[in-house]
Amino acid sequence: MNQELANVIKIYSTGSHQELSNYLLGKSKDTLIGILVDLLTMYINDKNSSTIREFITVTLSGYQHKLGKVGYNGFRQDTFVPGKTIKCEAKPKNIDTEEFEKYSRGERKTSPSKLNGGGNFTDYTPNRLEKDIKEKDLNMLVSGFIDGKLIYIIEFPFNCPDFVKNLKMQIERWQAKLKGSKSIKGQFLRSATFDYRNFINCKELKIVFLLSKKELPKYRKYIANGFYEFLLKNAKNE
């Protein structure tokens, strides 16, 4: 961590706002820029929090971001139907290229996962799935980052048939395993996963953001083969 950033964090946490202001006022423009860049780099690549990646995904897609873990991640007013609200569920994923370097050096036993348009729903239940299906105006926002660099944002309705079918199959397999259990109340599927194969045929799929055909190949090694071909096909020249 940049020493200047470390000092700012310490003063913010233990001192007053006036002390922090005085400290920052004494710094050069280049130093302040360095502090901000280092802070953003740490925040956007944080493995334990996806808040800023979620914020970027939701706002770039035209939704108002909603903070908090309860409920959906954002909403916007329907352009054509007054009073109608469209909700969104964002699933951002970030790839840390250092993990690939560790694997190549033998410091990591398993190969890191690549961007594949994937995401997951944690602690999923049949009731939650039914609720999401009944929420007619709910869109998924799937995004991918590499070292904090935004690569793509894809939007599609939650009720896309292939997408729902995949989630239902996982829920059904999970319920089958619980048969015979004395109590299933309060239990949930730890993680319901999906990837690009579960939504690329959705008729209402929309590419919100995607790197150009010129930039995309730079990140080829960090993107799953089939998904890369899909992205390249939909990427624009500029």
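The values are calculated or read from the model by the stated rules, or taken from the named source; none is laboratory data. All figures in this text were calculated on a predicted structure; none of them were measured in a lab. Cβ: placed from backbone, ideal geometry, glycine included. Neighbour counts: every protein chain shown. Just so you know, the surface numbers come from the protein's heavy atoms only, side chains and all, with ligands and any DNA or RNA stripped out. Shrake-Rupley method; radii C 1.70, N 1.55, O 1.52, S 1.80 Å.
Tell me whether the stretch 149-167 contains one or more residues that are among the acidic types (Asp, Glu) and at pLDDT below 95. Give the steps one after another, and end with the answer.
Of the residues in the stretch 149-167, the ones among the acidic types (Asp, Glu) are 155, 162.
Narrowing the set further to residues that are at pLDDT below 95 leaves none.
So far as the stretch 149-167 goes, no, none of its residues is among the acidic types (Asp, Glu) and at pLDDT below 95.
What pairs come up if the first residue lies in the stretch 76-99 and is free of Cβ contacts under 8 Å to residues at least 60 places away in the same chain, the second is open to solvent by 50 Å² or more (accessible area, probe 1.4 Å) and in a strand (DSSP E or B), and their beta carbons are under 6 Å apart, counting only those six or more places apart or on different chains?
Taking only residues 6 or more apart or on different chains, the pairs are 85/75; 86/76; 87/75.
From the residues in the stretch 24-45 that are open to solvent by 50 Å² or more (accessible area, probe 1.4 Å) and not in a helix (DSSP H, G or I), which one is nearest to residue 4 (Cα to Cα)?
Only one residue fits best here, namely 27.
Could you list, in sequence order, all residues of the stretch 91-135 that are within 29 Å of residue 173 (Cβ to Cβ), open to solvent by 40 Å² or more (accessible area, probe 1.4 Å) and small (Gly, Ala, Ser)?
111, 113
With respect to residue 192, is the statement that it is of a type in the set (Gly, Ala, Ser), more than 19 Å from the chain's Cα centre (by Cα) and either under 30 Å from residue 99 (Cα atoms) or surrounded by 13 or more Cβ atoms within 10 Å (Cβ to Cβ) (or both) true? Write out each step before concluding.
Details: of a type in the set (Gly, Ala, Ser): yes; more than 19 Å from the chain's Cα centre (by Cα): no; either under 30 Å from residue 99 (Cα atoms) or surrounded by 13 or more Cβ atoms within 10 Å (Cβ to Cβ) (or both): yes.
For residue 192, the condition - of a type in the set (Gly, Ala, Ser), more than 19 Å from the chain's Cα centre (by Cα) and either under 30 Å from residue 99 (Cα atoms) or surrounded by 13 or more Cβ atoms within 10 Å (Cβ to Cβ) (or both) - is not met.
Note down all Cβ pairs under 9 Å where the first residue falls in the stretch 158-179 and is without any contact (Cβ under 8 Å) to a residue 24 or more places away in the chain, the second is among the basic types (Lys, Arg) and open to solvent by 80 Å² or more (accessible area, probe 1.4 Å), and they're at least six residues apart or on different chains.
From the stretch 158-179, the pairs are 174/190.
Which residues, counting only those in the stretch 1-32, are free of Cβ contacts under 8 Å to residues at least 24 places away in the same chain, of a type in the set (Val, Ile, Thr) and over 20 Å from residue 46 (Cα atoms)? I'd like the intermediate steps shown before the answer.
Kept after step one, since they are free of Cβ contacts under 8 Å to residues at least 24 places away in the same chain, are these residues of the stretch 1-32: 3, 6-7, 9-30, 32.
Adding the requirement that they be of a type in the set (Val, Ile, Thr) leaves 9, 11, 14.
The answer is 11, 14.
For the stretch 46-71, what are the residues that are under 25 Å from residue 6 (Cβ atoms), part of a helix (DSSP H, G or I) and touching a residue at least 40 places away in the same chain (Cβ under 8 Å)?
Taking the stretch 46-71 as the starting set, the residues that turn out to be under 25 Å from residue 6 (Cβ atoms) are 46-53, 55.
Then drop every residue that is not part of a helix (DSSP H, G or I), which leaves 51-53, 55.
If the condition is that a residue be under 25 Å from residue 6 (Cβ atoms), part of a helix (DSSP H, G or I) and touching a residue at least 40 places away in the same chain (Cβ under 8 Å), then 53 is the only one that fits.
Go through (1) surrounded by 12 or more Cβ atoms within 10 Å (Cβ to Cβ); (2) outside any loop (DSSP other than H, G, I, E, B) and name the single condition residue 18 misses.
For residue 18, the exception is condition (1).
What are the residues in the stretch 50-79 that are hydrophobic (A, V, I, L, M, F, W, C) and either open to solvent by 70 Å² or more (accessible area, probe 1.4 Å) or more than 17 Å from residue 208 (Cα to Cα) (or both), if any?
Taking the stretch 50-79 as the starting set, the residues that turn out to be hydrophobic (A, V, I, L, M, F, W, C) are 52, 55-56, 58, 60, 67, 70, 75.
Scanning the stretch 50-79 gives 52, 55, 60, 67, 70, 75.
This table checks each residue for (1) free of Cβ contacts under 8 Å to residues at least 12 places away in the same chain; (2) charged (D, E, K, R); (3) part of a helix (DSSP H, G or I); (4) over 23 Å from residue 112 (Cβ atoms).
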residue: 191; (1), (2), (3), (4): no, no, no, no
residue: 197; (1), (2), (3), (4): no, yes, yes, no
residue: 204; (1), (2), (3), (4): no, yes, no, yes
residue: 207; (1), (2), (3), (4): no, no, no, yes
residue: 212; (1), (2), (3), (4): no, no, no, yes
residue: 238; (1), (2), (3), (4): no, yes, no, yes
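So residue 121 clears everything in (1) under 16 Å from the mean Cα position of the chain (by Cα); (2) within 29 Å of residue 38 (Cα to Cα) except one condition, right? Which one?
So the condition that residue 121 fails would be (2).
Considering only residues that are farther than 12 Å from residue 144 by Cβ and either open to solvent by 100 Å² or more (accessible area, probe 1.4 Å) or in contact with a Gly (Cβ under 9 Å, 6 or more places away or on another chain) (or both), which ones fall in the stretch 209-224?
Residues of the stretch 209-224 that are farther than 12 Å from residue 144 by Cβ, as a first pass: 212-215, 217-218, 220-221.
Within the stretch 209-224, 214, 218, 221 meet the criteria.
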